[in-house]
Structures are given as structure tokens and as C-alpha cells.
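Chemist: Next up is a structure, given as C-alpha cells.
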Amino acid sequence: MKRRVFAVVVAAAGLGLSTGQAWAASPASSGDGHYRTVDDPNAGTASGQGTFPSGINDEGVLVGNYYTSTNEGFGFRYEDGTFSPVNDPNAGTGAFQGTDPLSIDSHGVIAGYYIDAAGVYHGFLFRHGRFTTLDDPKAGKSPSQGTVAQGVNDQGAVTGGYFDSSGVIHGFILVDGRYTTVDDPHAGTASGQGTALVSINNRDVVAGSLIDGNGVSHGFVDRSGHLSGLIDDPRAGHVGGEGTQVYCVANTGVVSGQYIGSDKVIHGFTLTHGRFATYDDPRGTNTSIQCLADTGELVGFYTDTNGAAHGFIFEPDRR
């Protein structure tokens, strides 16, 4: 199941709980609403293929990507029922290469990444019809290394992560052309472990995820340099390949993402005022919430019985 690159690169590590204070919160059921399918007509239908929406802005514009029947990745922008292509010209055209838009701000600026013909990751911004490549100077340059831009706010700040030459993940913030590395102290330091900053809102609140030394994922939020403590959904598992992954923080402060339970099933969640709510699309399994608009719509995807992904918008009931 394809997901956002950094927050879910989990190592098949040993058992054990992570260290650090967990976010104190209580579980809850999801709110009332309905799921609306968003499937690109060119998407494949086999396992690992399908449609993967990743971002939504308050105008209701979605971005994401899809994988074809030959496992090529193509980016899209979705508005008013219409898909438009978003494909970096530097992207490779082979299997498991291509373009993946991850977020969109209220001005329509898109942040994401592409994989080139050599298998290296490069971040990008897409603004006014033009792509700009973003490469953290500390990123590795071998296959499965490189830079991913994940979040962008209306002030132009970009967050993401990069793989170094040893395969360790490091978060970054890019402001006015300057990259600043951010490593959560709870993150592991082996290949496939580390920190990623996945979202930044218009109040400069940053959300991220880390993979600890045991291969367990945890979320966090950074408000003006003050970490929230680890965000762990109480239903999440506690061994390698399990845990909680934060993907988005809205301007309202609501956090969203996914958790993996001890049964290895993926569930979407939101965290509002210290309370978790779980979201499971009833049409399939492995539901992932990728982003939340300030207007309350959630965007994500689920997998069907073949393992193919289907995008959705969850629209809460208005009362």
C-alpha cells in the first residue's frame, strides 16, 4: 500500500516500546458524514495500484497521484469532478517512478516530489504552471535517497524530509531558500528510521512523524519550537511496522493521519482537543486519512479486496 514516503518507511525492527511521553488523549468514534469516491480513470486495479489523494485546500481542490496497470506514477489536480495532470518533466517514466503531489495551499501552489530515472527522490514546487526542483544539500544522491517536499503554507514555507547517504530520514523546513534540518530526539538513527516534517499550517505550526529505534512510528506537533510530545493513537500497535503517523495539521489545529494496529490494519484518525476519532471507509480496508481542510472535509484512500487504492473525500454532516 503506497503512502506518504517518509512517515511510513518502517523498519522491520525488534520488539519494544518507544521512550518519551505520549500524547494524553482518549479514543472516540468517527463523526457522522459520508464518503465520496475520487478515482482517476487511468488508475490500475491491481495491488499497489489505484488512486492516492494526498492534499486538499479550503477551496476543495485535491492533489495526489495514481499508479497505472504498469506501475507508473502520475500526479493529478482534482477540482469540480475534473482531473488535470501534474507531472514534473524531470520525472522518470519507468515502474515506480513519476510524480507525486502531496499538498496544495490556498493560492494553488503544490508541493510534492518526483522520482527520476535513476530512482532518486527530488522535491518540487509547482507554481503558475512552472516546476521548481527542491533538493536539500544534505540529501543522498543514490537510488531510494534524496528529498521529498511534503507541506507548503500560504507564506511559502515548505516542510519535508530527506534520506541521507546512509538511508536515515531527516526533517527539514525551507524558508527563503534556506534549509533547516529538524531531528526529533526520539527518532531512530538507523537506515529507514528518523524524522519527517509532513505539514505546516498558516500559523507556522508544523506536524511530523518519526520512526524510532524499534521501527515504531509516532506523530508530533511543533508549535514555535515547542514539541507536543509524542502523538500515539491509543489503538495503535507498539512493535516494528506499527504505530501512529501524522500527515496534516489544519489551520484550526486539528491533526490527522493514520495508525497501524497490532493486527497490521491501517485506520485513519483525527485528533481534536485531545480526543482521537477513527475513520474507516466501509467499502474496504486499510483506510488512510491524508489531509484535513479547515472546512472539515477529509481526504484519503482505502484499499479494496484486490489491494488497489481508491481515493475519497469524507464530508461531515452539517448540523
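The values are calculated or read from the model by the stated rules, or taken from the named source; none is laboratory data. It should be emphasised that the depicted structure is a prediction, and the values quoted were computed from it without experimental measurement. Virtual Cβ from ideal backbone geometry, glycine too; neighbours counted across all protein chains shown.
Chemist: For residue 180, are the conditions met, namely being among the β-branched types (Val, Ile, Thr), in contact with a Phe, Trp or Tyr (Cβ under 7 Å, 6 or more places away or on another chain) and part of a strand (DSSP E or B)? Break it down into steps so the answer makes sense when it comes.
Modeler: Details: among the β-branched types (Val, Ile, Thr): yes; in contact with a Phe, Trp or Tyr (Cβ under 7 Å, 6 or more places away or on another chain): yes; part of a strand (DSSP E or B): yes.
Here the answer is yes, as residue 180 does meet what is asked.
Chemist: Output the number of the condition that residue 131 fails; it satisfies all remaining conditions of (1) buried (at least 23 other Cβ atoms within 10 Å of the Cβ); (2) of a type in the set (Phe, Trp, Tyr); (3) out of contact with any Lys or Arg (no Cβ under 8 Å at 6 or more places or on another chain).
Modeler: Going through (1) buried (at least 23 other Cβ atoms within 10 Å of the Cβ); (2) of a type in the set (Phe, Trp, Tyr); (3) out of contact with any Lys or Arg (no Cβ under 8 Å at 6 or more places or on another chain) one by one, residue 131 breaks only (1).
Chemist: Let me ask you something else. Please go through region 89-112 and pick out each residue that is touching a Gly at 6+ places or on another chain (Cβ under 6 Å), within 15 Å of residue 155 (Cβ to Cβ) and polar (S, T, N, Q). Spell out the reasoning first.
Modeler: So the first thing to find is which residues in region 89-112 are touching a Gly at 6+ places or on another chain (Cβ under 6 Å), and the list is 91, 98-104.
Now narrow it down to the ones that are within 15 Å of residue 155 (Cβ to Cβ): 103-104.
Matches in region 89-112: 103 only.
Chemist: Need the failing condition index for residue 275 against (1) within 25 Å of residue 188 (Cα to Cα); (2) touching a strand residue (DSSP E or B) at 6+ places or on another chain (Cβ under 8 Å); (3) of a type in the set (Lys, Arg), just the number.
Modeler: Here residue 275 clears every test but (1).
Chemist: Suppose we filter 222, 233 for residues that are surrounded by 16 or more Cβ atoms within 10 Å (Cβ to Cβ), in contact with a Leu (Cβ under 9 Å, 6 or more places away or on another chain), charged (D, E, K, R) and assigned to a loop (DSSP other than H, G, I, E, B); which single one remains?
Modeler: Working: 222 fails: assigned to a loop (DSSP other than H, G, I, E, B).
One residue alone meets the criteria, 233.
Chemist: Pairs, please: C-beta under 8 Å, at least 6 apart or cross-chain, first residue among the basic types (Lys, Arg) and in region 95-122, second surrounded by fewer than 22 Cβ atoms within 10 Å (Cβ to Cβ)?
Modeler: That search, which allows pairs on different chains as well, returns nothing.
Chemist: Please report, ordered by residue number, the strands (runs of 3 or more DSSP E) entirely within region 27-105 with at least 1 residues that are over 18 Å from the mean Cα position of the chain (by Cα) and at pLDDT below 95.
Modeler: Working: elements: 33-38, 50-56, 62-67, 73-79, 82-85, 98-104.
Strands (runs of 3 or more DSSP E) meeting the threshold: 33-38.
Chemist: Considering every residue within region 157-172, establish whether at least one is part of a strand (DSSP E or B), surrounded by 23 or more Cβ atoms within 10 Å (Cβ to Cβ) and of a type in the set (Ser, Thr, Tyr).
Modeler: Yes.
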